[in-house]
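Novice: Starting off with a structure, shown below.
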Amino acid sequence: MDPVKEFFADLKSPDPSIRFSVLSRIEDLAWDEQQQAALRKLIDDEKDPGIRFHMQKVLARLDQSDKDFATASEIDALLRQDTRDELALALMLESVKRADAHLITSSLRRVGWQNFSSQLLPSVLKFLKKFGSFEDSPAIEMLCRHHDPRVLSAAIEALEKIAPDSLKALIVPLLVNPNFGIRSRAVRLLHRWDPNEALRHFESMLFSQIESEKQSALFHAFFFPFDQIEKLLLRFISVEKDAELIKKAGLLFMANPHGQSPARLLEVRQACVGEKFKLIDGILKGVLTSLYQARIVQATPEQMMEILENHYRQKRLKLFVERYSISLHSEDVELRFKAAVKLCDLVRYRVPEAVATIEAYLKGEENSELKNRVSEYLKGCRPADETVQMPIPAAVEEKKPADLLNSIDAENFARVFTYAQSNFKDLSVDHQISMLKAIEQFGRKNHAELPGRALKSDNSQVLAAAIDCLSKIDADALLPFLPQLIKHSSDEVRESAIRVFALFDKGQAIALVEKMISSIQPVQRKHAILCCGHFDFQSVSHLVLKAVRIEGDPENQQQLKSLLLASADEELFYKVYADFKACNTSKKALYEEICNRMADLISSGENPINKQKLYEIAIQKLEEEEKCKAQRDAYRLEKIQEIRRDTENKTEADHGLLRFALLAYSIGAIITAVIWFGFLAPDSRKTSRPAKNQVKAGKTVRAVVVKGKVIGFEPEKRVVIVENSLENGKVYRISLNSEFPSVPETGSNFSAQVKPIKSGQEVIAEIITAF
Amino acid sequence: MTNFSLKTEKKDGIFIIRSNGYLDEKGGAILFEALQKALPEGYQKYILDLTESPVINSQGIAQIIEISEIIVDEKSGELAFVGLSELTSGVFKMVGLLQMGEAYPSEADAIAIMSN
């Protein structure tokens with residue numbers, strides 16, 4: 001795109017920070033007369049005085065035929081005038097000779113530059129950043145509390161250069177600043193003396209419900225050591241739905257390639273479908289290309305991908321077998337049967353570990369009835385060439401489809417499927433399950449009608465099998481049923497449904513799992529843990545660690561241990577070790593065992609680190625954390641969030657609902673609505689209660705998200721009429737403030753948070769923030 | 001192990017730095033050192049040719065930002081980037097480096113503009 005055209009496009013952005021930031025890249029552009037005229041027109045339309053001043057400065061610079069240096073005496077003379085020309089002063093400060101700089105700084109100090117207008121201050125601060133000294137720092141410090149984000153931002157930059165230590169005392173006001181750019185900059189500064197707490201702030205911004213806050217976090221992500229934020233970014237791309245934000249995060253992975261990230265990205269990719277799968281695949285391929293181009297690996301991206309995919313398959317199978325092997329030792333006969341069935345299903349796919357495990361289990365199973373049930377089921381799972389063949393092949397041919405239900409293979413699948421289509425209701429539960437498993441293995445999207453019917457079954461095992469089957473061959477067909485399935489009385493069905501729901505909205509699926517993890521019923525917790533095993537580990541690692549802290553059931557503890565060990569790496573080890581040190585209960589032994597096993601795995605892995613060294617680093621990290629804790633009270637994330645909440649109390653927006661509204665727009669309002677109101681929404685009785693410190697007479701203002709097409713506009717009144725797609729096309733008549741340089745025209749997209757003033761056929765509203 | 005190296009050239013009053021290899025923390029330090037040697041010589045125009053460094057990591061980026069600030073902000077000089085890969089171009093845009101210096105497809109293009 002033509003840089004001048006791009007510049008003009010950005011100058012029409014509704015976001016004033018974007019309009020302001022583009023002005024700084026104007027210097028090197030070549031302008032013709034027509035473009036200069038267009039800039040003059042934009043200045044007339046600009047409502048923000050700070051931006052207008054900066055635009056005028058740019059235009060004045062373009063009008064200057066040559067770039068003469070401004071002398072100290074010229075500037076001094078200008079400063080002495082009572083009604084000085086601010087535009088001229090700003091321009092002069094940009095063209096100062098180094099030799100004159102100290103004289104100009106003295107003149108500026110003499111006239112009390114810090115009291116200049118908000119428009120002029122950024123130019124002075126830019127000058128002081130270049131030529132100022134420690135003597136200027138008290139005045140600059142004062143401006144680090146300025147209300148105008150442009151002045152504030154320029155003041156921070158100048159102080160960071162002149163007296164960086166002074167910023168330490170300003171960290172709290174900077175962290176609570178309503179401007180996300182300032183906040184994320186403060187987090188970056190905080191990282192200098194308390195990296196762990198800074199990373200918690202960074203995490204909170206990255207997983208914010210507000211897009212611009214996430215944008216700010218991603219912008220500053222380049223200034224953090226990548227190894228410290230990689231796991232957060234993995235979780236981010238795993239749960240985030242906005243393609244542009246995912247792409248931005250992807251740049252960080254591609255620019256910082258290292259041996260372990262492809263495997264982690266592959267795990268995230270495998271837990272996605274559709275467009276998201278393609279996006280993560282693009283990032284993964286980009287990282288593989290970077291590894292090759294940076295000469296970190298010799299293998300080509302294609303070779304690497306093949307190795308990775310094989311490795312991933314092996315890892316998942318191992319985890320799967322291990323997970324159900326644990327349940328084979330359960331005291332509950334039904335649980336043992338279900339685990340055995342899962343392992344038998346793997347026999348269909350010729351997984352040797354599953355065959356060995358199930359055969360060993362059958363030898364030791366003392367319950368003869370259960371043993372027979374499993375043996376019978378296993379028969380139907382063995383691939384045809386592994387079963388004992390009948391001496392006369394013709395005999396097989398003569399078998400009716402009904403007799404083949406226990407031995408469906410690729411060859412007879414079509415015949416048995418046709419039979420099952422007409423007789424599914426009359427089949428036994430075991431045969432229904434066998435058929436569904438076979439469709440899962442051999443079927444395609446055109447076979448989805450039968451498992452779709454099975455979703456109405458009263459039998460939870462059949463239901464779970466139908467969900468598993470559809471998730472493989474036609475996941476979209478499951479979407480309308482998910483709200484019911486997620487609240488099904490059977491834990492098994494719920495587990496399968498959540499797993500599928502995660503493909504469409506991982507954030508909410510994780511929220512559901514988190515609820516289940518805190519359940520008082522061990523079986524529910526077990527299913528939550530099994531769900532975690534189906535997600536990419538980084539998106540649920542925090543839940544797994546939390547679960548270990550609260551889990552008391554020995555079988556569940558073993559499942560959690562298995563999950564942690566399957567994803568063992570240094571960072572996870574340090575986290576588990578910190579929990580081990582903090583634990584004062586009988587669970588200490590479990591932690592100790594996990595730490596030891598994990599240390600063994602890491603010290604014998606691909607990038608080994610000595611076991612003793614690993615423990616030494618863990619101890620050192622804990623000591624550093626202890627030191628920081630003492631000074632952390634003022635800027636602790638929770639404390640800062642409390643201050644922000646107090647400040648924001650005047651406009652109480654339901655952030656949970658806000659997030660819901662945005663999600664609903666993207667994945668289908670009804671499903672998300674049902675799931676939201678059924679499971680995740682806070683109790684309305686609690687939320688409607690006024691806050692303790694709320695103004696007595698103050699009426700609570702509820703913000704509404706409006707997203708849709710503009711159906712009309714009244715430029716003279718600065719009013720836009722929008723059909724809100726989040727509320728079935730409800731019409732909003734919205735008054736715009738100066739953030740909008742021009743009123744959006746009919747047909748354009750509109751998305752903003754608004755404050756309703758009056759309800760009726762049309763809702764009268766005022767804009768709060770445009771997205 | 002990755003290898004990073006760089007070559008410099010002085011041409012028409014412009015100081016050209018050509019990097020080769022993965023530009024990480026070490027590469028960034030080498031780059032910074034090269035610039036510090038050039039600064040006392042009074043050069044005002046710099047070209048950073050990154051054609052042979054298609055991958056630059058976060059620490060490398062941080063070093064380039066520092067270098068750009070010295071050249072553009074402190075010394076009021078000019079800086080041009082040459083041979084940006086698709087990846088580095090995206091990253092430079094994201095972190096605001098393209099506001100500090102202009103990107104050109106080749107050294108010849110950059111020299112032609114800077115010499116005017």
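The values are calculated or read from the model by the stated rules, or taken from the named source; none is laboratory data. As the structure is a computational prediction, the values presented were derived from the model and not from experiment. Heads up, the Cβs are rebuilt from the backbone with ideal geometry, glycines too, and the neighbour counts pull from every protein chain shown.
Novice: May I ask you to verify whether A:ALA599 is touching a helix residue (DSSP H, G or I) at 6+ places or on another chain (Cβ under 6 Å) and of a type in the set (A, V, I, L, M)?
Specialist: Numbers: touching a helix residue (DSSP H, G or I) at 6+ places or on another chain (Cβ under 6 Å): yes; of a type in the set (A, V, I, L, M): yes.
When the stated conditions are applied, A:ALA599 passes them.
Novice: Does at least one position in the range A:698-720 carry a residue that is of a type in the set (Ser, Thr, Tyr), at pLDDT 85 or above and under 32 Å from the mean Cα position of the chain (by Cα)?
Specialist: Filtering the range A:698-720 for residues of a type in the set (Ser, Thr, Tyr) gives A:700.
Now narrow it down to the ones that are at pLDDT 85 or above: none.
So far as the range A:698-720 goes, no, none of its residues is of a type in the set (Ser, Thr, Tyr), at pLDDT 85 or above and under 32 Å from the mean Cα position of the chain (by Cα).
Novice: Shifting gears a bit: How many residues does the range A:242-288 hold that are away from chain B (no Cβ under 14 Å), buried (at least 17 other Cβ atoms within 10 Å of the Cβ), farther than 30 Å from A:ILE602 by Cα and basic (Lys, Arg)?
Specialist: 1
Novice: While we're looking at this one, here's another question. If we only count strands (runs of 3 or more DSSP E) wholly inside the range B:1-61, which ones have 3 or more residues that are within 14 Å of chain A (Cβ to nearest Cβ)?
Specialist: Working: elements: B:4-11, B:14-21, B:45-52.
In the range B:1-61, B:14-21, B:45-52 are the strands (runs of 3 or more DSSP E) which contain 3 or more residues that are within 14 Å of chain A (Cβ to nearest Cβ).
Novice: Okay, next question. Residue by residue through the range A:69-87, note down the ones that are assigned to a helix (DSSP H, G or I) and of a type in the set (A, V, I, L, M). Working first, answer last.
Specialist: Residues of the range A:69-87 that are assigned to a helix (DSSP H, G or I), as a first pass: A:72-80, A:86-87.
Within the range A:69-87, A:ALA72, A:ILE75, A:ALA77, A:LEU78, A:LEU79, A:LEU87 meet the criteria.
Novice: So, A:LEU485, is that one in contact with a Phe, Trp or Tyr (Cβ under 9 Å, 6 or more places away or on another chain), in a helix (DSSP H, G or I), on the phi < 0 side of the Ramachandran plot and modelled with pLDDT under 85 or not?
Specialist: Values: in contact with a Phe, Trp or Tyr (Cβ under 9 Å, 6 or more places away or on another chain): yes; in a helix (DSSP H, G or I): yes; on the phi < 0 side of the Ramachandran plot: yes; modelled with pLDDT under 85: no.
Answer is no for this residue.
Novice: Moving on to the next point. Looking at (1) modelled with pLDDT of 90 or more; (2) surrounded by fewer than 17 Cβ atoms within 10 Å (Cβ to Cβ), can you tell me which one A:VAL523 breaks?
Specialist: (1)
Novice: Could you please let me know if A:ASP409 is surrounded by fewer than 21 Cβ atoms within 10 Å (Cβ to Cβ) and outside any helix (DSSP H, G or I)? Before the answer, list the steps.
Specialist: Values: surrounded by fewer than 21 Cβ atoms within 10 Å (Cβ to Cβ): yes; outside any helix (DSSP H, G or I): yes.
For A:ASP409, the condition - surrounded by fewer than 21 Cβ atoms within 10 Å (Cβ to Cβ) and outside any helix (DSSP H, G or I) - is met.
Novice: Do we have any residue at all in the range A:337-352 that's without any contact (Cβ under 8 Å) to a residue 24 or more places away in the chain and under 30 Å from A:LEU288 (Cβ atoms)?
Specialist: Scanning the range A:337-352 turns up at least one residue that is without any contact (Cβ under 8 Å) to a residue 24 or more places away in the chain and under 30 Å from A:LEU288 (Cβ atoms).
Novice: Still on this structure, I have one more. For A:ILE18, only one of the following conditions fails: (1) assigned to a helix (DSSP H, G or I); (2) surrounded by fewer than 17 Cβ atoms within 10 Å (Cβ to Cβ); (3) within 14 Å of chain B (Cβ to nearest Cβ); (4) at pLDDT 60 or above. What is its number?
Specialist: Here A:ILE18 meets the rest and fails (4).
Novice: Name the single residue, out of those in the range A:56-109 being within 19 Å of A:ASP136 (Cβ to Cβ) and among the hydroxyl-bearing types (Ser, Thr, Tyr), that is surrounded by the most Cβ atoms within 10 Å (Cβ to Cβ).
Specialist: A:THR105
Novice: Shifting gears a bit: Answer yes if at least one residue in the range A:553-567 is free of Cβ contacts under 8 Å to residues at least 12 places away in the same chain and surrounded by fewer than 16 Cβ atoms within 10 Å (Cβ to Cβ), and no otherwise. If you could, list the steps in order and put the result at the bottom.
Specialist: Here is the first cut: in the range A:553-567, the ones free of Cβ contacts under 8 Å to residues at least 12 places away in the same chain are A:554.
Among the residues that remain, those that are also surrounded by fewer than 16 Cβ atoms within 10 Å (Cβ to Cβ) are: A:554.
Yes, the conditions are met somewhere in the range A:553-567.
Novice: Does the range B:67-78 include one or more residues that are within 12 Å of chain A (Cβ to nearest Cβ) and either crowded, with 22+ Cβ neighbours inside 10 Å or at pLDDT 95 or above (or both)?
Specialist: no
Novice: Determine if the range B:94-115 includes at least one residue that is more than 12 Å from chain A (Cβ to nearest Cβ), farther than 19 Å from B:PHE15 by Cβ and either modelled with pLDDT of 90 or more or surrounded by fewer than 22 Cβ atoms within 10 Å (Cβ to Cβ) (or both).
Specialist: There is at least one residue in the range B:94-115 that is more than 12 Å from chain A (Cβ to nearest Cβ), farther than 19 Å from B:PHE15 by Cβ and either modelled with pLDDT of 90 or more or surrounded by fewer than 22 Cβ atoms within 10 Å (Cβ to Cβ) (or both).
Novice: Among the candidates A:ALA90, A:ALA99, single out the residue that is outside any loop (DSSP other than H, G, I, E, B), modelled with pLDDT of 80 or more and touching a helix residue (DSSP H, G or I) at 6+ places or on another chain (Cβ under 6 Å). Spell out how you get there, then give the answer.
Specialist: Values: A:ALA99 fails: touching a helix residue (DSSP H, G or I) at 6+ places or on another chain (Cβ under 6 Å).
The match here is A:ALA90.
Novice: Return the residue satisfying two criteria in turn: it lies in the range A:297-325 and is within 14 Å of chain B (Cβ to nearest Cβ) and more than 28 Å from the chain's Cα centre (by Cα), and of such residues it is surrounded by the most Cβ atoms within 10 Å (Cβ to Cβ).
Specialist: Among residues in the range A:297-325 that are within 14 Å of chain B (Cβ to nearest Cβ) and more than 28 Å from the chain's Cα centre (by Cα), the one surrounded by the most Cβ atoms within 10 Å (Cβ to Cβ) is A:VAL297.
Novice: Conditions first: (1) surrounded by 22 or more Cβ atoms within 10 Å (Cβ to Cβ); (2) more than 11 Å from chain A (Cβ to nearest Cβ); (3) touching a residue at least 40 places away in the same chain (Cβ under 8 Å). B:LEU84 passes all but one, so which condition is the exception?
Specialist: (3)
Novice: A further question follows. Across the range A:220-241, which residue is farthest from B:TYR22 (Cα to Cα) among those that are away from chain B (no Cβ under 14 Å) and among the charged types (D, E, K, R)?
Specialist: This residue is A:LYS241.
Novice: Looking at the range A:127-155, which of the residues that are away from chain B (no Cβ under 14 Å) and in contact with a Pro (Cβ under 8 Å, 6 or more places away or on another chain) is surrounded by the fewest Cβ atoms within 10 Å (Cβ to Cβ)?
Specialist: A:ARG145
Novice: Taking A:GLU592 as meeting all but one of (1) modelled with pLDDT of 85 or more; (2) under 30 Å from the mean Cα position of the chain (by Cα), write down the number of the exception.
Specialist: Evaluating A:GLU592 over (1) modelled with pLDDT of 85 or more; (2) under 30 Å from the mean Cα position of the chain (by Cα) leaves (2) as the failure.
Novice: Which condition does B:ILE64 not pass, out of (1) over 22 Å from B:ASN20 (Cα atoms); (2) more than 10 Å from chain A (Cβ to nearest Cβ); (3) part of a helix (DSSP H, G or I), if it passes all the others?
Specialist: (1)
This table checks each residue for (1) buried (at least 18 other Cβ atoms within 10 Å of the Cβ); (2) more than 19 Å from A:ALA414 (Cα to Cα).
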| position | (1), (2) |
| --- | --- |
| A:LYS437 | yes, no |
| A:GLN461 | yes, yes |
| A:SER471 | yes, yes |
| A:PRO480 | no, yes |
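Novice: Among (1) more than 14 Å from chain B (Cβ to nearest Cβ); (2) part of a helix (DSSP H, G or I); (3) over 30 Å from A:VAL268 (Cα atoms), where does A:ALA198 come up short?
Specialist: Going through (1) more than 14 Å from chain B (Cβ to nearest Cβ); (2) part of a helix (DSSP H, G or I); (3) over 30 Å from A:VAL268 (Cα atoms) one by one, A:ALA198 breaks only (3).
For every residue, the table says whether it meets (1) without any contact (Cβ under 8 Å) to a residue 60 or more places away in the chain; (2) part of a helix (DSSP H, G or I).
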position: A:ALA139; (1), (2): yes, yes
position: A:MET142; (1), (2): yes, yes
position: A:HIS146; (1), (2): yes, no
position: A:LEU152; (1), (2): yes, yes
position: A:LYS161; (1), (2): yes, yes
position: A:PRO178; (1), (2): no, no
position: A:ARG185; (1), (2): yes, yes
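Novice: Working only within the range A:573-614, note down all residues that are of a type in the set (Phe, Trp, Tyr) and under 25 Å from A:ALA263 (Cβ atoms).
Specialist: Once the filter is applied, which keeps residues that are of a type in the set (Phe, Trp, Tyr) and under 25 Å from A:ALA263 (Cβ atoms), the range A:573-614 yields A:PHE573, A:TYR574, A:TYR577.
Novice: While we're here: For A:ARG192, only one of the following conditions fails: (1) surrounded by fewer than 19 Cβ atoms within 10 Å (Cβ to Cβ); (2) in a helix (DSSP H, G or I); (3) within 14 Å of chain B (Cβ to nearest Cβ). What is its number?
Specialist: Every listed condition holds for A:ARG192 apart from (2).
Novice: Next question, about the same structure. Is there any pair with a first residue in the range A:126-137 that is farther than 18 Å from A:ALA99 by Cβ and a second that is modelled with pLDDT of 90 or more and in a loop (DSSP other than H, G, I, E, B) whose Cβ atoms are under 6 Å apart and which are 6 or more apart or on different chains, and what are they?
Specialist: A:PHE134/A:ALA163; A:SER137/A:ALA163
Novice: What pairs come out if I take residues in the range A:207-219 that are away from every other protein chain (no Cβ under 14 Å) and pair them with residues that are at pLDDT 90 or above and surrounded by fewer than 17 Cβ atoms within 10 Å (Cβ to Cβ) whose C-beta lies under 7 Å away, six or more apart or interchain?
Specialist: A:GLU211/A:ASP242
Novice: Could you list, in sequence order, the residues of the range B:44-60 that are crowded, with 24+ Cβ neighbours inside 10 Å, of a type outside the set (S, T, N, Q) and more than 16 Å from B:PRO105 (Cβ to Cβ)?
Specialist: Correct list: B:TYR46, B:VAL55, B:ILE56, B:GLY60.
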